[in-house]
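First the structure, in the form of structure tokens, and then the observations on it.
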Amino acid sequence: MGQFLLVCAGGAVGTGCRYAIGLLAARLLGADFPYGTLTVNILGCFLMAFVMHIGLEAQMLSPTTRITLTTGFMGGLTTYSSFNFETTRFLQERAWATGILYLALTIAICFASGLAGLVAARRFVAAS
């Protein structure tokens with residue numbers, strides 16, 4: 001139960017950071033491009049690779065700390081970091097077909113899912 005609460009707390013902090021970075025990026029760079037989202041995705045990918053390496057390869061972090069930072073904080077900051085790490089891991093393990101398949105499926109299906117959500121929302125609003 002303690003680890004669950006740590007992940008929840010990390011997620012709350014990550015979500016707050018994502019919101020703050022989005023506001024700051026819009027103020028500094030303008031709202032005509034999703035600079036905040038791009039920033040958190042880049043930051044999340046860097047942090048995920050860093051934390052996973054020092055946590056798993058170098059064993060410098062406890063499993064609880066690693067999960068709190070990755071699933072919690074970075075999960076709240078961006079889920080793209082997990083996708084990036086998983087894809088990179090497949091490629092590092094020379095599981096080329098699996099890595100490329102995962103990449104292609106994620107991009108294609110998530111894009112299609114977003115379009116389906118938009119269509120469903122438009123129909124829902126029209127029906128109301």
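Where a number appears in this text, it was derived from the coordinates with a stated rule and is not lab data. Please read these numbers as outputs of a predicted model, since none were measured by experiment. As a convention, Cβ positions derive from the backbone with ideal geometry for all residues, glycine included, and neighbour counts pool all protein chains shown.
Per-structure values
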{"quantity": "Mean Cα-pair separation over length for the chain, i.e. relative contact order, pairs under 8 Å, 6 or more apart, %", "calculated": "30 percent"}
{"quantity": "For the chain, size of Cβ-based charge dipole, Lys and Arg +1, Asp and Glu -1, in debye", "calculated": "260 debye"}
{"quantity": "For the chain, convex hull volume per residue from C-alpha positions, Å³", "calculated": "155 Å³"}
{"quantity": "Residue among Arg18, Arg89, Arg27 with the largest mean-square fluctuation in a Gaussian network model of the chain, springs linking Cα atoms under 10 Å", "calculated": "Arg27"}
{"quantity": "Net lengthening on full extension, Ile100/Gln3 (0.36 nm per residue, minus Cα-Cα)", "calculated": "31.6 nm"}
